[in-house]
Every structure is written in structure tokens, then in C-alpha cells.
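The values are calculated or read from the model by the stated rules, or taken from the named source; none is laboratory data. These figures come from a predicted structure and were not determined experimentally. Methodologically, a virtual Cβ is constructed for each residue, glycine included, from the backbone with ideal geometry; neighbour enumeration extends over all protein chains shown. The area values use the complete protein model at the heavy-atom level, side chains included, leaving out ligands, DNA and RNA. Shrake-Rupley method; radii C 1.70, N 1.55, O 1.52, S 1.80 Å.
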Amino acid sequence: CARGAGVWEWAGTEDGRREPDVVLACAGDVPTQETLAAASLLRRHLPDLAVRVVNVVDIARLMPHGEHPHGMPDHEFDALFTTDRPVVFAYHGYPWLIHRLAYRRAGHPNFHVRGYKESGTTTTPFDMVVSNDLDRYRLVMDVIDRVPGLGVRAAGVRQAMDDVRTRHHAWIREHGTDLPEVAEWSWDG
């Protein structure tokens, strides 16, 4: 927390021998929980994928140091997020803000931000997350869609994630509660 942004080695699957295949980044309580759940799903379904998990508690850290006292120098930002790997960033606000803060960074074109889209109604907590495409299953699908070559190898996993989203919609309409595997989820790493 004092650093404002950092790698959660315990949540990722990097082994230190190579660059990560993808960076899962998050800011905010619900996006962090969904990112951890996505990391757990990737660990289970795609164990050979090198995933880095980055948690951001001070979004000003995304800015260059010359623009904000909390900002990171380029070399530190690049070491955290890489310059050439996909970054799937889950954020509790509008996605454009993350893009605006990081737009001058070398790896910015690789950023895909999921956040608030003003979608939803009175429903379950997880359904609000699904309505805004910020859920764990969508994050896994984003990883599969963005890591080069993974789409073909992991087509079955992607379909399974999409199927859970479909099952979720039917479940909440019938039961009025979130799926048990979502409501009872906890980190199993």
C-alpha cells in the first residue's frame, strides 16, 4: 500500500525465468476481487500461462513522475506493466481515466481497461459486475483474446467462461441470488 502499486507475486504464476504472458492489473475493491478470481481461474485452466498480478491503490502512480509527485518514472512503470505484453486492467471507475493517466507510457497501446459503463439495474452485486463486463469470466476471456496465439489453444476455456456468464443470467432470474461459486468464492492459492 505504501508503494501505491506493486506486483502481487503470490497471486500470479510468473516463475522469474521469462516475462509474463499477460498482466492482470486492478484498482478498487470489487475489481481486485474479480482480478484475483480471474487469476485463480487462469491458474486452474491455463497453468502454463505466466500471469503477473499488479494491484494499484494510488492511481496517481500511473502518471509520469514529472506530472505528479506520486507518479512513477518510466523505467519503473515499464518494469511493472511491461512495454510489450497485454495488460487487462480492472478498475472501479470509468476506463478512460486509466487510459488518460497512462497514455504517454510505452506500453499504453497494450492496455485494455474494464470498468464502469453505467450499465445495470437493481439486481445482485455480481450481476452489476457482469453488466459492466468487469467480472472474472470476462477478464479471463479478455486474457485469451489478447495473448498472442492463446485464442486457438484456449478456445474451450473461453467458451466455458462464456457459458458461466450465460448460466449466471439464468440463475439470478430464477433464484434472485448470485451463483454459489461466486457468492462463496475465496482465494484458494
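Some observations on this one:
- Members of the range 99-143 that are exposed (fewer than 15 other Cβ atoms within 10 Å of the Cβ), of a type in the set (K, R) and modelled with pLDDT of 90 or more: R100, R104
- Listed conditions (1) of a type in the set (K, R); (2) out of contact with any Pro (no Cβ under 7 Å at 6 or more places or on another chain); (3) touching a residue at least 40 places away in the same chain (Cβ under 8 Å) are all met by R104, apart from (2).
- Pairs, first in contact (Cβ under 8 Å) with a residue 24 or more places away in the chain in the range 156-178, second open to solvent by 60 Å² or more (accessible area, probe 1.4 Å), C-beta under 7 Å, six or more apart: V157/H45; T177/A183; D178/P125
- Any hit, the range 34-57, residues being on the phi < 0 side of the Ramachandran plot, part of a strand (DSSP E or B), touching a strand residue (DSSP E or B) at 6+ places or on another chain (Cβ under 8 Å) and of a type in the set (G, A, S): no
- Every pair of residues 6+ apart whose Cβ atoms lie under 8 Å, when the first sits in the range 14-37 and is more than 14 Å from I59 (Cα to Cα) and open to solvent by less than 60 Å² (accessible area, probe 1.4 Å) while the second is in a helix (DSSP H, G or I) and charged (D, E, K, R): V22/R146; E34/R136; T35/R136; A37/R136
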